[in-house]
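Remarks on the structure that follows.
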DNA sequence: AACGATTTGTTCGTATGTATC
DNA sequence: TGATACATACGAACAAATCGT
């Protein structure tokens, strides 16, 4: 009797799912049926289901029923590449298409902003300095896959990178464009963490409204050959359908798993 | 009336927390007080709090109250280093201690196992082949920080790496030890994903029992100069107190933030 | 050590709203 | 349109944990 009833019910159902007694995508018994099976009230049954929902095992759909969630093919992103990322966009398109998936980026939303504390610290500029913000929504197979925002110091525009402040895709990627303007990225540093999504992210990624699926947040800071920082790219994507690869040293090329798709966070237009 | 009441209450409380009207560690009004404030029933107030709990913003303690969770200093791990990782252990110890934190690894639990599908696929051996499994619990400041399991093909032992099957720390790390036996790691590949913790992980990391905090799972496969795979290291750590850094190309050395601690997943004894 | 007050945890019942088929 | 199934919201009672007296 140590365990509350709703936990016992949840445990029992979880067991049936793991054993395969209830297969992926299949419907659970309705709340009414579960009331009978476990001799519990509807609220108690619902508490048990809520626990499974929080753990990401099942998904309730109003008017239909509760279903065992189906795992999606993870989207694989390679974080290590050539610092001079001119080819990264090509890799992105090639490999995504090779996986039979269709990539699509929204038209960038370009804004001139003043740097907040995070941006200023990342770019080693002063808080309040002007920066260009370029924001894009990225899709695969019409599924929302990542939200990306890049920040560039306004001084880059003064140095001739005028296309940064145009609300159009930069063919080949902004990093390659800047390289052509004499600002060649010689290195970058990524910082990966996980946090709860905000309302906008929850809506865009169509994440369950209970906020149970966290998102990856990747900060990429790019460096020029004088050691200065010329860009900060923040990529946000759901943690339940993404995986990241890091290759160091000599790593033989491997055949990508048939179901995997590969992209890079640098395909910023 | 679009938003249900319990969400409105949750949103309002979340705002007060973000603005700082309720500071970290402070107690929220009791359920009774919230009932009065929002003119709602206790169950509705509890639903709102449950939402905040799921998002990791607050924590309810029976008999005491509900409190705003306090964020811990994230533990920073650098995933890119020298492939020949002999020095990584030194970096680990130096930087962790520089951060004023005390690292501690458990004595390794060494087992001879037959490779399961995942291990076999990662090491490119057959399922059922014998492998050495070395498992360690890693702590910082007596706080559980990561669970690490390394798998080596049994053939390495035949080639002279006999210390792999001894249940003692390998000074300088197993990778350096193997390099001394002629098996020098020339590269590795990490794969980072996030998933719900299992029961053991939940208990070890003292994660909230509702399974709301996911864990990072990092697979590191090491390669020798002939392109073969000689080890698989799986590192699991809570996603709420860890961050990962990846450096590519020329990245100037930066002063680590005062509150950050740096380690590497390769400090396998 | 015992007790009461406070606070959250669990479980029931009931009614009504909303989404889907 | 009706039936079904989940979502929200109310009220009530008792259990369990915590803290101070």
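Please treat every number below as a calculation from the coordinates, not as lab data. Keep in mind the model is a prediction, meaning the values are calculated, not measured. Counting neighbours? That spans all protein chains shown, and the Cβs are built from the backbone with ideal geometry, glycine included.
Structure notes:
- Partner shielding of A:185-191 amounts to 6, given as the average count of beta-carbon atoms from other chains within 10 Å of each residue beta-carbon.
- Across the identical copies, the label point of residue A:70 (7 Å from Cα in the Cβ direction) is separated from its matches by 4.7 nm, in order from shortest.
- Among beta bridges from DSSP that stay inside chain B, the antiparallel ones total about 85%.
- Relative contact order, whole percent, for chain A stands at 23, derived from Cα pairs under 8 Å and 6 or more residues apart.
- For chain B, the equivalent ellipsoid derived from the Cα gyration tensor has semi-axes of 44, 20, 16 Å, listed largest first.
- Compactness of the range B:117-174, taken as the C-alpha radius of gyration over 2.2 N^0.38 Å, stands at 1.30.
- Taking the Cα atoms of the range A:148-216, the ratio Rg/Rh between the radius of gyration and the Kirkwood radius comes to 1.12.
- Of all DSSP bridge pairs formed entirely within the protein assembly as shown, close to 90 percent run antiparallel.
- Highest GNM mean-square fluctuation among B:176, B:40, B:167, for chain B modelled with Cα contacts below 10 Å: B:40.
- Per residue of peptide A:76-82, the mean number of Cβ atoms on other chains within 10 Å of the residue Cβ is 3.
- Cα centroid separation, the range B:155-225 to the range A:165-188: 38 Å.
- Taking chain A as a Gaussian network of alpha-carbon nodes connected by springs under 10 Å, the highest mean-square fluctuation of the residues A:28, A:156, A:147 belongs to A:28.
- 222 nm mean residue ellipticity, helices alone, for chain A (DSSP H n ≥ 4; -39,500 (n - 2.57); rounded to 500): -7500 deg cm²/dmol
- Arranged from fewest to most other beta-carbon atoms within 10 Å of their beta carbon, A:38, B:188 become A:38, B:188.
- Principal-axis tilt of helix A:42-54 within chain A, Cα atoms, nearest 10 degrees: 30
- For the protein assembly as shown, the equivalent ellipsoid built from the Cα gyration tensor has semi-axes of 37, 33, 24 Å, listed from largest to smallest.
- Exam field: residue A:137 pseudo-label spacings to other copies (7 Å along Cα-Cβ), nanometres: 4.6
- Difference of contour (0.36 nm per residue) and Cα-Cα distance, residue B:204 to residue B:155: 14.4 nm
- Among B:37, B:166, B:24, residue whose mean-square fluctuation peaks in a GNM of chain B (springs only between Cα atoms under 10 Å): B:37
- The length gained by stretching the chain between residue A:82 and residue A:107 to full extension, at 0.36 nm per residue less their Cα-Cα distance, is 6.4 nm.
- Averaged over the residues of peptide B:212-225, the number of Cβ atoms from other protein chains lying within 10 Å of each residue's Cβ is 3.
- Helix B:88-98 axis, angle to chain B major axis (alpha carbon atoms, nearest 10°): 40
- The ranking of A:191, A:155 from fewest to most other beta carbons within 10 Å of each one's beta carbon is A:155, A:191.
- At 7 Å out from Cα toward Cβ: residue B:167 inter-copy label distances (nm, ascending): 6.7
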